Amino acid sequence: MRRIDAIGITFGVFLAGGLAFLVLQGAGLDSVSAGIWSQLLLVGGLIGWLASYLFRVLSKNMTYNQQLREYEEAVLQKRLEELTPEELEKLQKEIEQEKQGS
């Protein structure tokens with residue numbers, strides 16, 4: 001994420017809190033109650049975002065992990081393609097021996 005994106009998101013959240021405050025005041029709440037409820041909505045949104053972030057971290061479903069997995073698979077595929085037929089046959093025999101041994 002670029003710095004300007006982070007600034008834009010922060011500004012958007014700030015505006016959403018102000019808009020929630022104005023909507024709640026327009027609905028008839030006094031300024032103190034509207035402030036409390038708008039803060040509650042923002043904190044609830046923050047906790048929801050944090051929970052989704054922690055879920056992605058714990059399940060290793062983040063962009064970095066996906067890119068790393070794809071890179072490792074590409075490297076292994078390239079190495080496999082570079083093997084000579086003799087080396088490939090030797091590797092297949094080693095794999096069969098490991099399967100039979102375990």
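The values are calculated or read from the model by the stated rules, or taken from the named source; none is laboratory data. Note that the coordinates shown come from a computational prediction; the quantities given were computed from them, not determined experimentally. Every residue, glycine among them, receives a Cβ derived from its backbone with ideal geometry; neighbour counts consider all protein chains shown. These accessible areas exclude ligands, DNA and RNA; they are computed on the full protein's heavy atoms, side chains included. Shrake-Rupley method; radii C 1.70, N 1.55, O 1.52, S 1.80 Å.
Some notes on this structure:
- Only helical runs count toward this figure. For the chain, summing -39,500 (n - 2.57) over DSSP H runs of n ≥ 4 and dividing by all residues gives -30500 deg cm²/dmol at 222 nm.
- For the chain, the per residue solvent-accessible surface stands at 89 Å², with DNA, RNA and ligands left out and a 1.4 Å probe.
- The magnitude of the dipole of region 1-75, with charges of +1 and -1 set on the Cβ of Lys/Arg and Asp/Glu and taken from the Cα centre, is near 80 debye.
- Across region 72-85, rounded Karplus estimates of 3J(HN,Hα) from the backbone phi angles (6.51 cos²θ - 1.76 cosθ + 1.60, θ = phi - 60°) give 4, 5, 5, 5, 5, 5, 5, 5, 5, 5, 7, 5, 6, x Hz, Gly and Pro being marked x.
- The share of accessible area on the chain that comes from carbon and sulfur is 64 percent, using a 1.4 angstrom probe.
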